[in-house]
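S.K.: Attaching a single structure in structure tokens format; questions to follow.
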Amino acid sequence: MFRSTIIGVAALCVATQAVAQVAIAPFSLPPLPYAAAALEPAIDARTMAIHHDKHHQAYVDALNKAVATSPALQGQSLDALVAKAGTLPAVVRDNAGGHWNHSFFWKTMAPPTQKMQPSPALAAAIDAQFGSLAAFKTAFKEAGTKRFGSGWVWLLVKSDGALAIASTPNQDNPLMDVAEVKGTPILGNDVWEHAYYLEYQNRRAAYLDGWWQVVDWKTVSDRYAATRAR
Ligand code: MN
């Protein structure tokens, strides 16, 4: 029994590892996993540099400031803060979400020359849920264009194992207690204007179309496999 408990805990750790962000305050800005220009032409270098160096840094700084002045929040992982975001002050919800979402976002993308595709298992799940990869992309784009104001669009795995598309406002995400559709995100796109305005201006739909060129399907597929290992 002891052994099976250990195996169970190990399996859970493996399952959540793909998206887990367990660091505690003070939080720090993770480096981009590629050069700022590496995602051109889908996302231009100046947008990437400002987005990462200024916007993401601002979420990290604001989160650290909020945690530093609230003893009850100290010693908690980013995942723990995100999970109970609805019970926390808005400044913590917004900036913990901002730090989580952007850390996840950078790793969701890769240079376009890599031309990766979903794994066979993920492709089959997408076909089963949405009909085809093309139909999934159309539905994902629709969710992203319909998000009024600022927010995110996600592909997530619900607790029953099914895939779903969901959009969240501001810096919320599907791991939050306040999310309308809850689950483990495996892919997410930032539809705040700061993610695309310099190159695309008001054309959010064109940004959502171009973004597929830089989706790292290897990482997304690995995240999917980790949720299925539970
Ligand atoms: Mn952003």
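S.K.: Which pairs do you get when a residue that is free of Cβ contacts under 8 Å to residues at least 60 places away in the same chain and within 18 Å of residue 223 (Cβ to Cβ), found in segment 171-198, comes within reach of a residue that is within 16 Å of the ligand (Cβ to nearest atom) and outside any helix (DSSP H, G or I), reach meaning Cβ atoms under 6 angstrom, with the pair 6+ apart or on two chains?
M.R.: Listed pairs, sorted by first residue: 174/154; 174/185.
To keep it simple, each residue is scored yes or no on (1) within 16 Å of the ligand (Cβ to nearest atom); (2) surrounded by fewer than 20 Cβ atoms within 10 Å (Cβ to Cβ).
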| site | (1), (2) |
| --- | --- |
| 97 | yes, no |
| 108 | yes, no |
| 119 | no, yes |
| 138 | no, yes |
| 148 | no, yes |
| 160 | no, yes |
| 168 | yes, no |
| 198 | yes, yes |
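S.K.: Another question about this same structure. (1) at pLDDT 95 or above; (2) among the β-branched types (Val, Ile, Thr); (3) more than 19 Å from residue 200 (Cα to Cα): which one isn't true of residue 145, the others all being true?
M.R.: (3)
S.K.: Give me a count of the residues in segment 174-196 that are crowded, with 17+ Cβ neighbours inside 10 Å and within 12 Å of the ligand (Cβ to nearest atom).
M.R.: Residues in segment 174-196 being crowded, with 17+ Cβ neighbours inside 10 Å and within 12 Å of the ligand (Cβ to nearest atom): 7 in total.
The values are calculated or read from the model by the stated rules, or taken from the named source; none is laboratory data. No experiment lies behind these values; they were computed from the predicted model shown. A quick note on method: Cβ atoms are made from the backbone with ideal geometry, for glycine too, and the neighbour counts reach across all protein chains shown.
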